[in-house]
Amino acid sequence: MNKEGNVFRKGTGRRSFLQKGVLAGGVVAVGAGLMSSDARAFEHDHDSDDRLTPGDAAILRFLLAAELIEADLWTQYAELGGFTPGDLPLETLQTNPSNSYQNAFLQLDGDGPQYITSNTLDEVSHAAFLNAYLLSKGAQTVNFDEFRKLPGSTATGSTGIGRLTNLMHLNVDTSWFTRYRSSKNPDFGATFPQALTITNHTAIPVTNADFNDPNHIQVIANIAAFHFGYIEQGGSSLYPALGRKTSSLEVLKITQGIGGDEIAHFLEWVDFAGNAVQQPVAPVTDPATGFTFPNFFLPINPNQPPSASNPNNVAIQPSLIFPVPCEFINADLPHVSVIRPLDDKFAGAVATIASFTADGLFVGQSKEFFKVVNQLAEEADAAQRDF
């Protein structure tokens, strides 16, 4: 991915990160030139009534930071496993994939590569829009370009540019898979078991050697599938959690509009991940690491009744796509199907960065990067509705 600009921090070099009215370099370039935004279009005076409240600006800046992070990681997935303009027609690609990673995604869904590319373009559009909207209001925006130094994959298909995120040492939190199959809600203090324990694994082929063994690359793609769900369930919770703090109805409209798209992404990846733990894909074992994706429809012990230790139960049933009704607002009220969590403690900006860090997404990043993103997160969470 080319430079796609913006992030925010306080401190000595604050103005190098917080651009007011103009982006570093003048444009946001994303997805190898797929989209750009000319900052000069927003270089005009603003009436005071047209400006954002400090809280709304902080919320939008953090959401922009999150979208830049998402756009960076999704671009890495799309380069190697997505359907790109240079590929064969999609119907041909389904029988003649460009590489075995792409083929592994086709085993999960015949439209998998297209979904990956579409999700990538959506995140890129979110970042470009939020950046442009902040500029249009004369607000400070963000620039992450100096942190795009992490090495990515060297496999054929990767552009080889510096990355903001690391997809090669992931500790994927798979508790989202069990959470959405539970009648409990984390906002009420409930915790959820991991559907799978994925620790320090790559979700992309690191070199061309990873393309060679079909089981090895299928496990890598399956890890990616669960990572897709992890990333998008986070956005599904983050947008409404921060949206509740907004003062402007227009900013609320933005959080609802983009947040709704994040939910659409999440529901696709729920299905995608479920396909990774059932026939014909599972069970599958990586001969290089020994990591196995079991068939969740089969019990560990056929003589065991359904239980927490037996995969053949509702907690990890692969075909459950929609959220199971759960506690909401008040435990005495009837259960209802909702996105959860929605409270700051679990779904806010600080919680998002903590989760991304635990995920291994920032392995190799600088201390300055963590200062920047945590400052952004703290200011977003501190925002309050201004009447």
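The values are calculated or read from the model by the stated rules, or taken from the named source; none is laboratory data. These numbers come from a predicted model, not from an experiment. Every residue, glycine among them, receives a Cβ derived from its backbone with ideal geometry; neighbour counts consider all protein chains shown.
Based on this model, can you work out whether D111 counts as at pLDDT 95 or above, within 22 Å of the chain's Cα centre (by Cα), surrounded by fewer than 24 Cβ atoms within 10 Å (Cβ to Cβ) and of a type outside the set (S, T, Y)?
Values: at pLDDT 95 or above: no; within 22 Å of the chain's Cα centre (by Cα): yes; surrounded by fewer than 24 Cβ atoms within 10 Å (Cβ to Cβ): yes; of a type outside the set (S, T, Y): yes.
When the stated conditions are applied, D111 does not pass them.
Looking only at region 109-125, decide whether some residue is more than 26 Å from G348 (Cβ to Cβ), touching a residue at least 24 places away in the same chain (Cβ under 8 Å), in a loop (DSSP other than H, G, I, E, B) and not aromatic (F, W, Y).
Yes.
Looking only at region 156-172, how many residues end up being surrounded by fewer than 16 Cβ atoms within 10 Å (Cβ to Cβ), in a loop (DSSP other than H, G, I, E, B) and of a type in the set (S, T, Y)?
Residues in region 156-172 being surrounded by fewer than 16 Cβ atoms within 10 Å (Cβ to Cβ), in a loop (DSSP other than H, G, I, E, B) and of a type in the set (S, T, Y): 1 in total.
Just to be sure I understand, how many residues within region 245-268 are exposed (fewer than 14 other Cβ atoms within 10 Å of the Cβ) and either of a type in the set (K, R) or more than 20 Å from V124 (Cα to Cα) (or both)?
3
Quick one: I231 ticks every box in (1) hydrophobic (A, V, I, L, M, F, W, C); (2) closer than 21 Å to P186 by Cα; (3) surrounded by fewer than 24 Cβ atoms within 10 Å (Cβ to Cβ) bar one, so which box is it?
(3) is the only condition that I231 fails.
Consider region 173-191. How many of its residues are part of a loop (DSSP other than H, G, I, E, B) and of a type in the set (A, V, I, L, M, F, W, C)? Spell out the reasoning first.
First pass over region 173-191, keeping only residues part of a loop (DSSP other than H, G, I, E, B): 173-174, 180-185, 189-191.
The next check asks that each one be of a type in the set (A, V, I, L, M, F, W, C); those that pass are 190.
Final tally of qualifying residues: 1.
Looking only at residues in region 53-93 that are more than 26 Å from the chain's Cα centre (by Cα) and modelled with pLDDT under 95, which one is surrounded by the most Cβ atoms within 10 Å (Cβ to Cβ)?
If we take residues in region 53-93 being more than 26 Å from the chain's Cα centre (by Cα) and modelled with pLDDT under 95, then L88 is surrounded by the most Cβ atoms within 10 Å (Cβ to Cβ).
So for region 269-292 (the condition being touching a His at 6+ places or on another chain (Cβ under 6 Å) and buried (at least 22 other Cβ atoms within 10 Å of the Cβ)), does at least one residue qualify?
Checking region 269-292: not a single residue is touching a His at 6+ places or on another chain (Cβ under 6 Å) and buried (at least 22 other Cβ atoms within 10 Å of the Cβ).
Given the residues S153, S247, which is the only one that is more than 26 Å from A382 (Cα to Cα) and assigned to a loop (DSSP other than H, G, I, E, B)?
Working: S247 fails: more than 26 Å from A382 (Cα to Cα).
The match here is S153.
For region 202-216, state whether one or more residues are of a type in the set (S, T, N, Q), within 22 Å of the chain's Cα centre (by Cα) and at pLDDT 95 or above.
Yes, there is a match, as at least one residue in region 202-216 is of a type in the set (S, T, N, Q), within 22 Å of the chain's Cα centre (by Cα) and at pLDDT 95 or above.
Identify all residues within region 325-339 that are among the β-branched types (V, I, T) and surrounded by 14 or more Cβ atoms within 10 Å (Cβ to Cβ); write none if there are none. Before the answer, list the steps.
Within region 325-339, the first condition is being among the β-branched types (V, I, T), and the residues that meet it are 329, 336, 338-339.
Passing the criteria: V338, I339.
Of everything in region 200-247, what is more than 19 Å from L267 (Cβ to Cβ), in contact (Cβ under 8 Å) with a residue 40 or more places away in the chain and of a type in the set (S, T, N, Q)? Give them in sequence order.
Scanning region 200-247 gives N200, T207, N208, N212, N215, Q218, T246, S247.
Take P97 and decide whether it is over 18 Å from the mean Cα position of the chain (by Cα), at pLDDT below 95 and over 25 Å from D261 (Cβ atoms).
Judged against the criteria, P97 is a match.
For the structure I just gave you, tell me whether L108 is closer than 30 Å to N212 by Cα, in contact with a Gly (Cβ under 6 Å, 6 or more places away or on another chain) and of a type in the set (A, V, I, L, M, F, W, C).
Working: closer than 30 Å to N212 by Cα: yes; in contact with a Gly (Cβ under 6 Å, 6 or more places away or on another chain): no; of a type in the set (A, V, I, L, M, F, W, C): yes.
Answer is no for this residue.
Quick check, is S98 surrounded by fewer than 22 Cβ atoms within 10 Å (Cβ to Cβ) and part of a helix (DSSP H, G or I)?
No.
Going by the conditions given, is S237 closer than 21 Å to D359 by Cβ and of a type in the set (S, T, Y)?
yes
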